[in-house]
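Q: My questions all concern the structure below.
What follows draws every value from the coordinates through simple rules; no lab data is involved. Predicted model only: the values in this text are computed from it and were never measured. In this analysis, Cβ positions are derived from the backbone assuming ideal geometry, glycine residues included, and neighbour counts consider all displayed protein chains.
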Amino acid sequence: MDGFKKRLNESVQLKLSVTLSVAILVVAMVAAVFSFLSAFDEAHELQDDVLRQVAQLMDQQRLSPRHPATHPPIKEGDDESRVIVQRLGDGNASTAGVDEGGALALPATLADGLQTLDVSGETFRVLIKTTAAGERIAVAQESGFRNEIARDGALRAVTPFLILVPVLLLIVADLVRTMFRPIAALSKEIDQRAEEALHPVEDCHLPIEVRPFAVAINRLLARVAQTMDNQRRFVADAAHELRSPLTALSLQAERLADAEMSGPARERLTVLRQGIERGRNLLDQLLTLARAQAVAEAPTSPVSVQGIYRRVLEDLMPLAESRHIDIGVEGEQDALVWVSELDMIAVVKNLVDNAIRYTPEGGRVDLSVSTQHERAVLRVRDTGPGIPVAERERIFAPFYRALGSAQPGSGLGLSIVRAIANRIGAEIVVGFLDDEKQIGLDVTVVVPMVARGWVSRKSI
Ligand SMILES: Nc1ncnc2c1ncn2[C@@H]1O[C@H](COP(=O)(O)OP(=O)(O)O)[C@@H](O)[C@H]1O
Ligand SMILES: [Mg+2]
């Protein structure tokens, strides 16, 4: 009960439904009771009128009720529904009740007019009238029957309420739910968004009372997008600025290598040059990530996946050979995708680079492409250790690197792949090459082949 009260206070929808339903029920109940009572009264009035008219008729036609003993009542119809007409004083008051002939035992002292009388346990409505001829007559009808008729009539008057109230409650519940549906749809849309989807929410379908709220959300989204853009720009600028001094350092180290020096000094120089190279790679990856997260220039023409594979393999063949990895493309099938060449190269290069680096020497890396329902399915498979299921989400986080790897790296490769995939609407699925033995990595990237509606943002 407490939980319901809390929800009632918190939910406008529930409050509106409950309040309207209670209001409808109260109004309907009051109206129904009123209708019932007035229809009941009306029926009694009509019945009294019938008694009056019968008495009037008797008087006008100068009819005289005969003694029922000589003329037994006609036994047609319901006995209860009978209107009894008798001379006052007929019937035996001392025996009390309805005598054999059907006359009521009414005291002769009754005053003129309508009255409700108890005659031997049964209640009657009786009209006493003194006719022009001076005769006193009683016109009577059983109250139980009168009440039954009145109740039936009154219930018929209330029936429309009984049918219409549930219909009205259903209409109210549906109306309230429909009114709040756009808000529920809006929150669902915002909930399901990827974190970088900061485009404004559509407010034209919303009721005007809620629109200011959507406008405020849109302003907030715009501010967040601006802040994120600034941050990306800062990272990209910093990486760009750091590149020049690092390139100069690298040149100096190269020159130094030509000079004569002792064995230990050369060893140190080699370590220094490796460090500088790692720094340059890190800066390149940072720049690529910043671009992957921000740029959205619509491609002017589709690119061939096989073409991308060739270019990446040309770049990475020396690395594969140095590690004795058997690398190649399976099948001839090609797919054209509407993605910028730089993006496609970044995705494939990072995946293949990982496959070569994390596969033990002498292993195998296979690339393939197929098409499925207007989507290109790119696969990079290796015979390395694979990635445990528990770790599969974390590997996409920036700077995350699994412990125990001797391979140089920045931890940004898969973040770049994910950022580009999100932007181009691609899906990444990570699995084992061999599910049973749980080894080898099988990465599938499903890229839509049709040109999509591009969201253009300022590029870095
Ligand atoms: N093909 C693969 N086989 C096994 N582990 C992998 C593979 N690809 C990626 N990983 C794991 O995911 C981590 C993140 O990869 P990535 O983002 O490319 O960063 P980096 O390669 O610079 O370490 C890697 O450090 C590695 O532990
Ligand atoms: Mg990598």
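Q: On full extension of the chain, what length is gained from GLU148 through VAL215, given 0.36 nm per residue of separation minus the C-alpha to C-alpha distance? Could the numbers behind the result be given before it?
A: Working: separation 67, 0.36 × 67 = 24.12 nm, distance 6.43 nm.
Gain in length upon complete extension: 17.7 nm.
Q: Could you go through the range 281-293 in sequence order and give the Karplus-derived ³J(HN,Hα) for each residue, using 6.51 cos²θ - 1.76 cosθ + 1.60 with θ = phi - 60°, rounded to whole Hz, and x for Gly and Pro?
A: Result, ordered by residue: 4, 4, 5, 4, 5, 4, 4, 4, 5, 4, 5, 4, 7 Hz.
Q: For a label point 7 Å from the Cα of GLN13 along Cα→C-beta, name the residues of the range 178-193 whose backbone N is under 18 Å from it.
A: Backbone N within reach: 178-192.
Q: Residue by residue, what Karplus-based ³J(HN,Hα) values in Hz, rounded to whole numbers, does the range 225-232 have, using 6.51, -1.76 and 1.60 with θ = phi - 60° and x for Gly and Pro?
A: 4, 5, 4, 5, 4, 4, 5, 4
Q: Now for a different question. Starting from the alpha-carbon convex hull of the range 351-410, give the projected area averaged over all orientations, in nm². Intermediate values should be presented prior to the final figure.
A: Working: hull surface 20.9 nm².
Average of the hull's projected areas for the range 351-410 equals 5.2 nm².
Q: How many nm separate the modelled label positions at PHE34 and ASP118, each set 7 Å beyond the Cα in the direction of the Cβ?
A: Rounded to a tenth, the inter-label distance reads 3.5 nm.
Q: Can you give the Rg and Dmax of the chain based on its C-alpha atoms, in angstrom?
A: Both quantities, over Cα of the chain: 48.3, 158 Å.
Q: Enter the mean projected area of the convex hull around the alpha-carbon atoms of the range 268-398, in nm², rounded to one decimal.
A: 10.0
Q: For the charge dipole of the chain, defined by +1 on Lys and Arg C-beta atoms and -1 on Asp and Glu C-beta atoms about the Cα centroid, which residue among ILE183, VAL167, PHE124 has the Cα displaced farthest towards the positive pole?
A: ILE183
Q: In addition: Once label points are set 7 Å from the Cα along Cα→Cβ at both LEU251 and LEU336, what is their separation, rounded to one decimal in nm?
A: 4.3
Q: Starting from the amide H of THR123, placed 1.01 Å from N in the peptide plane, find each other amide H under 5 Å away whose residue is 5 or more places distant or on another chain.
A: Excluding prolines and chain starts, which carry no amide H, the hits are SER143, GLY144.
Q: Next question, about the same structure. Roughly how far apart, in whole Å, are the Cα centres of the range 184-212 and the range 294-366?
A: The range 184-212 and the range 294-366 have Cα centres spaced 38 Å from each other.
Q: What does DSSP give for the chain in terms of the percent of beta bridges that are antiparallel, rounded to the nearest 5? Write down the numbers at each step before the final one.
A: On the way: 45 of 51 bridges.
Beta bridges within the chain, antiparallel portion: roughly 90 percent.
Q: When ranked by the protection proxy of mean other Cβ atoms within 10 Å per residue, highest first, what sequence do the peptides 131-141, 339-349, 34-44 form?
A: Numbers: 131-141: 17.3, 339-349: 22.2, 34-44: 15.3.
Top to bottom by mean Cβ count within 10 Å: 339-349, 131-141, 34-44.
Q: Hey, fewest Cβ within 10 Å first, where do LYS15, LYS188 land in order? Let's see the in-between values first.
A: Details: LYS15 14, LYS188 10.
Sorted ascending by nearby Cβ count, the order is LYS188, LYS15.
Q: Considering only DSSP beta bridges where both residues belong to the range 299-448, give the percentage that are antiparallel (nearest 5).
A: Values: 25 of 30 bridges.
The antiparallel fraction comes to roughly 85 percent.
Q: Which FRET efficiency, nearest 0.05, do LYS6 and THR159 yield, Cβ-Cβ r, R0 35 Å?
A: Values: r = 39 Å, r/R0 = 1.10.
E(calc), rounded to 0.05, equals 0.35.
Q: I'd like the distance separating the alpha-carbon centroids of the range 397-436 and the range 1-39, in whole Å.
A: Going from one Cα centre to the other spans 57 Å.
Q: Sorted by packing (mean other beta-carbon atoms within 10 Å per residue), highest first, where do 166-176, 402-412 land?
A: Numbers: 166-176: 13.8, 402-412: 12.3.
Going by the mean number of other Cβ atoms within 10 Å, highest first, we get 166-176, 402-412.
Q: Hey, another quick one. Between THR371 and ALA402, what FRET efficiency follows from the Cβ-Cβ distance if R0 is 35 Å, with the result rounded to 0.05?
A: Values: r = 33 Å, r/R0 = 0.93.
That pair, THR371 with ALA402, gives E of 0.60.
Q: A further question follows. Expressed as a whole number of Å, what is the distance separating the alpha-carbon centroids of the range 105-120 and the range 235-269?
A: Between the Cα centres of the range 235-269 and the range 105-120 lies a distance of 128 Å.
Q: Follow-up question, since we're still on this one. Quick one: what are the phi-derived ³J(HN,Hα) couplings along the range 362-367, Karplus 6.51/-1.76/1.60 with θ = phi - 60°, whole Hz, x for glycine and proline?
A: So the Karplus estimates, Gly and Pro as x, are x, x, 9, 10, 10, 10 Hz.
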